[in-house]
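So the structure is just underneath, and the comments pick up after that.
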Amino acid sequence: MATSLLATDGYKFSMAEAGWPLRRETFYYSHRRGGLQVMPLDLAGYVRSLLPEPKPEDYDYLSRFDYEMGVGFKAAILRKERLSVRAIPRGAHFYSREPILTVTGPSALVSWVEPILLQLNFRIQVATQALLDREGLARAVARVTCEEQKAIVLETLDAVGVKPVPVTVDTEGYAQRVRATVKELIDAVEDPARIFEVGLRAATCLQQHEIALQACKDMGVQRTSNVEGARKLGMIPVGTMGHEHIQRYGSDDAAFRAMRERRPQRSSYLLDTFDTLTSGIPAAFQLIREEPGAGDSIRFDSGNKKLQYLYAVTRARDMGIRPVNILEDGLDAEATREFEELRRQVGWDPSAQFYGYGGHIIARTMECSFTRDKVAAIYKLSQTGHQPVMKFGNEQGEGKQSIPGVPVLFRRRHGSGPMGLVGQEGEPVPEGYFPLMEAEPETPSLVGTQEANAEAAKVALTPTTRALVDELTRRHFPKGR
């Protein structure tokens, strides 16, 4: 069955209108955590199976909710023949931080697929656990959220040649846990209108997310990033900006202005692509000061959000502006209560502070532990046009730093050195390695990988990739980070 055009996050549509929907871009998929893992399926075929089939009524719905799509987006979303997928083969094992998939094609199309492609992490975790410990897997998937999630478990076991295990579907139990979690969040903020749901990427499948959305709606939450879910359940789709938009423009100021000047609706400025305090907040506040009545917001996403929040409130007061604050990424009820107390201390109006929840509502309420956060699955823009790009973020060390360019993965065949090398398209194969993305498929197995697993942390960048990282770091941080 074809995927609905609306089965993605709302900000994919706003970013396409404020960007270049027909531009050739590359995104890559990776797990930042999880150690040794195995690929249970043909990735190229899987990606293509997710692509949307737009209908006129999809565009009618989008226009009713301030996502009026132009001719560029409508053309890009149909150009599936221009899509290029490069991936590790079925049966290959991989390690944390290795790029295992790149998708290149029209910007709007390769960006659109992110939320449902990220759900791939569940299949990978099931396959890996099945091959390592079938009894442990049986415990992990004994109770799942829906029939679609059960089908994914059984399909994956069949794909890796492991006998089925008993799987019970407990949809109502899952919905009850979601409702209880949402109630606790509403109690913390005292108004369900101050909460919105952003967990499509944290779900294992579309059916699970729809169940959770219905539970959210039952508790009074009306806004979600899942546009198809909003249409089905009579909710309101929301979302303005992700990191990819800012990476395309190469600076916070240029990206924020593009969103403001190409879409008439209110904007939400994401602060942490390069650096929240020295770049994101100054650029956002300059725009807000130029048009203080626009109702624009700032979104905190990584790093020490309390420090960033206090700095932003103080700076806003000094400038005589009152931005709306939006807090996301890893929030739970305890963190929400802390930020509500902080809001009261600084005298910020509750109508100017909102909270977005994803994994806390969608994934932590599952009985199964195979969540996106467990492996930190990501899908990041790495090249726009001919320009390599990166997200730097505000985590300590490399944190959420992404890989630039068009990455390829080299696997060590013999000799010493890192198990994996992250290179670039067209780069000569290093001695002792082979290009894993060009290898033949094989039966998924983890036999004989125990010794290799001890080397899992030894994944490095080739000199070519390291040079790209250094160049982009100098460009964005000429005085050092």
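The values are calculated or read from the model by the stated rules, or taken from the named source; none is laboratory data. Here the structure is a predicted model, which means the values were calculated and not measured. So basically every Cβ, Gly included, is an ideal-geometry build from the backbone, and we count neighbours across all protein chains shown. Accessible surface areas use protein heavy atoms only, side chains included; no ligands, DNA or RNA. Shrake-Rupley method; radii C 1.70, N 1.55, O 1.52, S 1.80 Å.
In this structure, is Arg289 out of contact with any strand residue (DSSP E or B) (no Cβ under 8 Å at 6 or more places or on another chain), surrounded by 15 or more Cβ atoms within 10 Å (Cβ to Cβ) and outside any strand (DSSP E or B)? Against the criterion (out of contact with any strand residue (DSSP E or B) (no Cβ under 8 Å at 6 or more places or on another chain), surrounded by 15 or more Cβ atoms within 10 Å (Cβ to Cβ) and outside any strand (DSSP E or B)), Arg289 does not qualify. In the set Val182, Val198, Val189, only one residue is in contact (Cβ under 8 Å) with a residue 60 or more places away in the chain, touching a Ser or Thr at 6+ places or on another chain (Cβ under 8 Å) and crowded, with 23+ Cβ neighbours inside 10 Å; that residue is Val198. Return yes when Phe370 is of a type in the set (A, V, I, L, M, F, W, C), touching a Phe, Trp or Tyr at 6+ places or on another chain (Cβ under 6 Å), under 23 Å from Ala212 (Cβ atoms) and open to solvent by less than 30 Å² (accessible area, probe 1.4 Å) and no when it is not. So Phe370 fits the description; yes.
Every condition in (1) of a type in the set (A, V, I, L, M, F, W, C); (2) within 30 Å of Gly173 (Cα to Cα); (3) assigned to a loop (DSSP other than H, G, I, E, B); (4) open to solvent by 20 Å² or more (accessible area, probe 1.4 Å) holds for Val429 except the one numbered (2). Among the residues making up the range 348-358, a single one is within 22 Å of the chain's Cα centre (by Cα) and open to solvent by 20 Å² or more (accessible area, probe 1.4 Å): Phe354.
Filtered by the rule that a residue be assigned to a helix (DSSP H, G or I) and hydrophobic (A, V, I, L, M, F, W, C), the range 329-387 gives Ala333, Ala335, Phe339, Leu342, Val346, Ala352, Ile361, Ile362, Val375.
Selection within the range 227-250: residues that are touching a residue at least 60 places away in the same chain (Cβ under 8 Å) and part of a loop (DSSP other than H, G, I, E, B). The member of this set that is surrounded by the fewest Cβ atoms within 10 Å (Cβ to Cβ) is Gly250. Beta carbons closer than 8 Å, at least 6 apart along the sequence or on distinct chains, never pair a first residue in the range 204-226 that is free of Cβ contacts under 8 Å to residues at least 60 places away in the same chain with a second that is of a type in the set (Ser, Thr, Tyr) and open to solvent by 10 Å² or more (accessible area, probe 1.4 Å). In the range 237-275, the qualifying residues are those that are acidic (Asp, Glu) and within 17 Å of the chain's Cα centre (by Cα), and the one that is modelled with the highest pLDDT is Glu244.
Residues in the range 256-286 that are assigned to a helix (DSSP H, G or I) and not hydrophobic (A, V, I, L, M, F, W, C): Arg257, Arg260, Glu261, Arg262, Thr276, Thr278, Ser279, Gly280, Pro282, Gln286. In this entry, Leu120 is excluded by the filter for residues that are over 23 Å from the mean Cα position of the chain (by Cα) and open to solvent by less than 10 Å² (accessible area, probe 1.4 Å). Within the range 22-71, the set of residues being part of a helix (DSSP H, G or I), open to solvent by 10 Å² or more (accessible area, probe 1.4 Å) and of a type in the set (Asp, Glu) comprises Glu57, Asp60. Applying the criterion of being open to solvent by less than 20 Å² (accessible area, probe 1.4 Å) and in a loop (DSSP other than H, G, I, E, B) to the residues of the range 432-450, the residue that is farthest from Val38 (Cα to Cα) is Gly432. The set of residues in the range 412-426 being closer than 13 Å to Thr462 by Cβ, of a type outside the set (A, V, I, L, M, F, W, C) and open to solvent by less than 70 Å² (accessible area, probe 1.4 Å) consists of Arg412, Gly417, Pro418, Gly420, Gly423, Gln424. Mind checking which residues of the range 166-179 are part of a strand (DSSP E or B) and open to solvent by less than 10 Å² (accessible area, probe 1.4 Å)? Answer for the range 166-179, where residues must be part of a strand (DSSP E or B) and open to solvent by less than 10 Å² (accessible area, probe 1.4 Å): there is none. Tallying residues that are of a type outside the set (D, E, K, R), open to solvent by less than 80 Å² (accessible area, probe 1.4 Å) and either under 16 Å from Tyr269 (Cα atoms) or within 27 Å of the chain's Cα centre (by Cα) (or both) within the range 296-347 yields 23. Just one of (1) of a type outside the set (Asp, Glu); (2) at pLDDT below 95; (3) open to solvent by 20 Å² or more (accessible area, probe 1.4 Å) fails for Gly393. It is (3).
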